[in-house]
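Step one of this worksheet: look at the structure below.
The values are calculated or read from the model by the stated rules, or taken from the named source; none is laboratory data. Here the structure is a predicted model, which is why all the values come from computation and not from measurement. No Cβ is skipped: glycine too gets one built from the backbone with ideal geometry, and neighbour counts run over all protein chains shown.
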Amino acid sequence: MGASLLELENITIRFGGLVAVSDVSLCVSEGELVGLIGPNGAGKTTVFNMITGVYQPTDGKIMFAGKPTTRKKPHVLTKSGMARTFQNIRLFGSMSVFDNVRAATQLHRAHGIRQALWRGRSHHAGEKEVEDRVMELLEVFSLQDFRDEPATSLPYGGQRRLEIVRALATQPKLLLLDEPAAGMNPSEKEELMVLIEFIRKRFGMAILLVEHDMKVVMGICERIAVLEYGIKIAEGTPKEIQSHPKVIEAYLGASGD
Amino acid sequence: MSRILKDPRLLLLIAIVAAVITGLGADQMNLYYRGVIIDIGIAIILAVSLNLINGHTGQFSLGHAGFMSVGAYVAAMITLAAQKSMGAEVLAWMFLPALLVGGLVAALAGLLVGIPSLRLRGDYLAIVTLGFGEIIRVIFQNVEAAGGASGLSGIPRMTGLTWTFILAAIAVYVVGCLVNSTYGRGFIAVHDDEVAASSMGLNPTRYKVTAFVIGAFFAGIAGGLFAHHKTTINPQVFDFMKSFEVVVMVILGGMGRTGGVILAAIILTLAPEFLRAVAEYRMIIYALLIIFLMIARPQGLFHFGRKRKPLTH
Ligand SMILES: Nc1ncnc2c1ncn2[C@@H]1O[C@H](COP(=O)(O)OP(=O)(O)O)[C@@H](O)[C@H]1O
Ligand SMILES: [Mg+2]
């Protein structure tokens, strides 16, 4: 196992009187695939929002790549090597499939206003480079034939895949996936899990995978943490989690999910 | 469109040459028509630059007349002072620098207004920019050097067809090239979904301020052209109605559609000239048009391509 990439140290967040996440600690090492599961409303998305700088924890500290993320804006954290998808798909609705991914390549580029206005050789070389990279990514995810389609015209599963591609285009060390299988049927879920394992192998990044359906993540995660009502009730290998009494209780209580 | 844009520099060159040739023939042209055509050129600059802010980047600014007035006053004061101290013969080479300085001061105003207010969203930003426009107007009304409520008159008539359309072509080129690049997709990303944009490493504030500054710069240029076209300006010219008129052009043209916005600028400048009724009830007609558009054609009246998602933010 590699060095630790992401560390949550006793993080808590309150929204008014509601303690949405309470004293949660979690660690993700480089190249590791960790699952974060729990019933709806457990605080999983809120944890993502704290990691990515959308929310500031009320208490506790988050370290990413050895540095505290405190008060850093989402775009700064993304630049430092994390990228996410959203539980409720948030593609750029007026853009094509291609442009959605293209927009996510800008953060590491030196080209800006000057090249765009001058339109010299370096502008064209830069744009060609971007195009090649975007197309390569789209091909890996079999989206190349839809490059000029509006992103929102893709079927639901396609939109979810496009969100992953867009996140990958930022070249993250840590990929945060928020319920990527939501709304998919069992066979689509199966396919997606294979895809996630593939991403990890091919791009060699760490992945933190949020899912409320425990069965989905069992097969691919090395380690799983379980949240319930904002509290981490268990952490361990899939095997340990499956037989953990608190987890069984939480999931029986929340059955029908 | 994208095929022609393959080398937009060529297009810009063609437009400049066309502007120069048209300018050569302008002497024989009926003065009234020439005036209207210059009005159109100025409207195009205003609409295309506001389109960067309101259309592409999705911010609702109502301050364009304010930025325009900054450019108009600054440029006019420069040429008036130059004329007074050095005589009319310096005007020929003072005009363009005066326009440029007017644009730069307007851009600075854009920066000063933009940085604190761009964290605000939607209606709030609209209100703040509206307030800015009114404040600027009151300032000019009370500054003696700017002529107070009666404004400035006797501004040298320097604005011709050539410079108007060269500058309009440059405005179209700048906004078009900016947006049609990987860097420029950021403006549209901010428009579409600010949270997603920042999660992709794009700095929304930076993009918004950039749009504001560039938009304000060209509004200032348009103001300078306007001042040296009408030869008199006063604070009332740059009131809320002026901003609203430009907003209508952008909405009518389809928010972010350059071609549509140019067409809207042309039509809305011509309509009051040819139809008396339109001129009198202009604002009522504009307001009704906008309500109709928001309901029936959120993609803009002059946009006939693929349907864009309705503007909800
Ligand atoms: N911005 C917010 N303001 C108030 N409450 C919030 C906010 N974000 C999340 N919550 C609350 O925090 C709890 C956890 O939500 P969430 O993280 O979305 O759960 P999960 O992703 O596990 O389904 C919920 O009770 C939710 O209502
Ligand atoms: Mg959630």
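If you filter region A:204-219 down to residues that are farther than 14 Å from A:P39 by Cα and surrounded by fewer than 16 Cβ atoms within 10 Å (Cβ to Cβ), you find that the one that is nearest to ligand 2 (Cβ to nearest atom) is A:G219. Out of B:I166, B:I221, one residue alone is away from every other protein chain (no Cβ under 14 Å), surrounded by 24 or more Cβ atoms within 10 Å (Cβ to Cβ) and within 26 Å of B:G35 (Cβ to Cβ). It is B:I221. Within this structure, A:V54 passes the test of being within 12 Å of ligand 1 (Cβ to nearest atom) and within 15 Å of the chain's Cα centre (by Cα). Assess whether A:D148 counts as being within 12 Å of chain B (Cβ to nearest Cβ) and within 16 Å of ligand 2 (Cβ to nearest atom). No, not satisfied.
For region A:196-216, a residue qualifies if it is among the small types (G, A, S) and not in a loop (DSSP other than H, G, I, E, B), and exactly one does: A:A206.
Here is the figure for region A:157-189: residues that are away from ligand 2 (no atom under 16 Å from the Cβ) and more than 23 Å from A:A225 (Cβ to Cβ) total 15. Return yes when B:Q236 is of a type in the set (S, T, N, Q), modelled with pLDDT under 90 and surrounded by fewer than 23 Cβ atoms within 10 Å (Cβ to Cβ) and no when it is not. The answer is no for B:Q236. Here A:R14 passes the criteria (1) within 14 Å of another protein chain (Cβ to nearest Cβ); (2) more than 17 Å from the chain's Cα centre (by Cα); (3) among the basic types (K, R) except the one numbered (1). Quick one: A:F86 ticks every box in (1) within 14 Å of chain B (Cβ to nearest Cβ); (2) within 16 Å of ligand 2 (Cβ to nearest atom); (3) surrounded by fewer than 20 Cβ atoms within 10 Å (Cβ to Cβ) bar one, so which box is it? Unmet for A:F86, out of (1) within 14 Å of chain B (Cβ to nearest Cβ); (2) within 16 Å of ligand 2 (Cβ to nearest atom); (3) surrounded by fewer than 20 Cβ atoms within 10 Å (Cβ to Cβ): (3).
Within 12 Å of chain B (Cβ to nearest Cβ), surrounded by 14 or more Cβ atoms within 10 Å (Cβ to Cβ) and in contact with a helix residue (DSSP H, G or I) (Cβ under 7 Å, 6 or more places away or on another chain) - does that describe any residue in region A:189-202? Within region A:189-202, none of the residues are within 12 Å of chain B (Cβ to nearest Cβ), surrounded by 14 or more Cβ atoms within 10 Å (Cβ to Cβ) and in contact with a helix residue (DSSP H, G or I) (Cβ under 7 Å, 6 or more places away or on another chain). Consider A:L26 carefully, then state whether it is more than 15 Å from ligand 2 (Cβ to nearest atom) and within 16 Å of A:L227 (Cα to Cα). Yes; evaluated as a whole, the condition is true for this residue.
The residue that is surrounded by the fewest Cβ atoms within 10 Å (Cβ to Cβ), counting only those in region A:92-125 that are more than 7 Å from every other protein chain (Cβ to nearest Cβ) and under 12 Å from B:A189 (Cα atoms), is A:S96.
Annotation: of all residues in region A:13-33 being more than 24 Å from A:I199 (Cα to Cα) and charged (D, E, K, R), the one that is nearest to ligand 1 (Cβ to nearest atom) is A:R14.
Selection of region B:26-59 for residues being part of a helix (DSSP H, G or I), among the hydroxyl-bearing types (S, T, Y) and under 30 Å from B:I115 (Cα atoms) yields only B:S49. Among the criteria (1) more than 9 Å from chain B (Cβ to nearest Cβ); (2) under 19 Å from the mean Cα position of the chain (by Cα); (3) in a loop (DSSP other than H, G, I, E, B), the one A:R71 does not fulfil is (2).
Name the residue that is surrounded by the most Cβ atoms within 10 Å (Cβ to Cβ), counting only residues in region B:169-192 that are part of a loop (DSSP other than H, G, I, E, B) and more than 21 Å from the chain's Cα centre (by Cα). That would be B:Y183. There is no residue in region A:175-192 that is free of Cβ contacts under 8 Å to residues at least 60 places away in the same chain, over 15 Å from the mean Cα position of the chain (by Cα), under 23 Å from A:A20 (Cα atoms) and more than 16 Å from ligand 1 (Cβ to nearest atom).
For every residue, the table says whether it meets (1) among the aliphatic types (A, V, I, L, M); (2) crowded, with 18+ Cβ neighbours inside 10 Å; (3) out of contact with any Cys (no Cβ under 9 Å at 6 or more places or on another chain); (4) in contact (Cβ under 8 Å) with a residue 60 or more places away in the chain.
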residue	(1), (2), (3), (4)
A:L5	yes, yes, no, yes
A:L8	yes, yes, no, no
A:G16	no, no, yes, no
A:S22	no, yes, yes, yes
A:C27	no, no, yes, no
A:V34	yes, yes, no, yes
A:N49	no, yes, yes, no
A:V54	yes, no, yes, no
A:R71	no, no, yes, no
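Across region B:279-298, the number of residues qualifying as over 18 Å from B:V250 (Cβ atoms) and surrounded by 15 or more Cβ atoms within 10 Å (Cβ to Cβ) comes to 0.
Per-residue answers, yes or no, for (1) farther than 21 Å from A:M193 by Cβ; (2) modelled with pLDDT of 95 or more; (3) not aliphatic (A, V, I, L, M):
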residue: A:T105; (1), (2), (3): yes, yes, yes
residue: A:E127; (1), (2), (3): yes, yes, yes
residue: A:E163; (1), (2), (3): no, yes, yes
residue: A:A181; (1), (2), (3): no, no, no
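From the list A:V47, A:V54, A:V34, the one residue that fits, being within 13 Å of ligand 2 (Cβ to nearest atom) and not in a loop (DSSP other than H, G, I, E, B), is A:V47. Close Cβ contacts (under 8 Å, 6 or more residues apart or on different chains) running from residues in region A:85-111 that are more than 22 Å from A:Q144 (Cβ to Cβ) to residues that are assigned to a loop (DSSP other than H, G, I, E, B) and within 16 Å of ligand 1 (Cβ to nearest atom) comprise A:Q87/A:E179; A:Q87/A:A182.
Can you list the helices (runs of 4 or more DSSP H) found entirely within region A:99-195 that contain at least 3 residues being closer than 27 Å to A:H212 by Cα? Lay out the reasoning, then the answer.
Values: elements: A:113-118, A:121-140, A:156-168.
Here the list reads A:156-168.
Scanning region A:34-51 for residues that are more than 10 Å from ligand 1 (Cβ to nearest atom) and either modelled with pLDDT under 95 or not hydrophobic (A, V, I, L, M, F, W, C) (or both) yields one hit, A:G35.
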